[in-house]
Amino acid sequence: MPLTYSLVLLALFFVLLVGEFFIPSAGMVGFAAAIAATASIVIAFTHSATAGFAVTATVVLSTPVVLFMMIRYWPHTSIGKLILNRRPGQLDEPTESRLRSGEKRKDLVGRSGVAKTNMLPSGLVVIDGKRLDAVSDGSPIDAGTEIVVISAVAGKLRVRVAERADLQPEQVDVERRTESIEATLESLDLDDLDE
């Protein structure tokens with residue numbers, strides 16, 4: 001077979017490899033690229049061993065470079081922005097994860113506040129005088145209910161209804177210690193100490 005077929009299949013391999021990033025196909029375009037590369041290598045080896053090794057080296061050395069370039073630049077393309085639903089540079093930490101004051105949303109974890117609206121499951125909460133969007137963790141929360149922030153993932157606050165231990169941790173700690181001491185005293189048999 002002529003070497004031209006091998007070179008055409010090699011070019012098709014690179015087109016399909018790049019196309020895998022732009023065509024949502026559940027990996028079928030990448031699979032077709034692998035078939036094109038394999039066919040190109042086989043045809044090149046039927047022409048000559050030198051051509052076969054040259055095409056194999058081309059595929060092996062250039063594939064990681066193409067993949068690296070696509071992974072690096074694909075989020076900046078219009079389809080990359082559309083699929084990721086983010087702007088480039090937001091991949092590690094979305095800008096929405098910071099409040100206007102510059103404080104990070106994850107720093108709010110553990111703080112308490114009040115549900116400003118009914119949360120079914122999302123709504124507004126007020127924490128330290130700031131109105132913020134949040135999502136309840138499971139059950140609906142009525143407006144005016146005290147809440148506590150349990151996580152901040154992807155710039156979204158997750159909250160739950162605040163319990164007494166969340167609102168008065170020192171008081172609850174003292175009560176637990178007192179109960180522990182009383183239980184220890186009850187378990188001691190004072191009559192045995194007198195003997």
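Values in this text are rule-based calculations from the coordinates and carry no lab data. The structure presented is a predicted model; accordingly, all values stated were derived computationally and were not measured.
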May I ask you to evaluate 6.51 cos²θ - 1.76 cosθ + 1.60, the Karplus curve with θ = phi - 60°, for each residue of the stretch 14-28 and list the ³J(HN,Hα) values in order in whole Hz, giving x for glycine and proline? 5, 5, 5, 4, 5, x, 4, 7, 10, 10, x, 10, 6, x, 5
Can you work out ³J(HN,Hα) from phi for every residue in the stretch 57-67, in order, using Karplus 6.51 cos²θ - 1.76 cosθ + 1.60 and θ = phi - 60°, giving whole Hz and x for Gly and Pro? 4, 4, 5, 5, 7, 8, 4, x, 5, 5, 4
Too-long pairs where the Cα-Cα distance tops 22 Å, listed order kept, from LYS81/LYS104; LYS81/LYS156; LYS81/LYS116: LYS81/LYS104; LYS81/LYS116
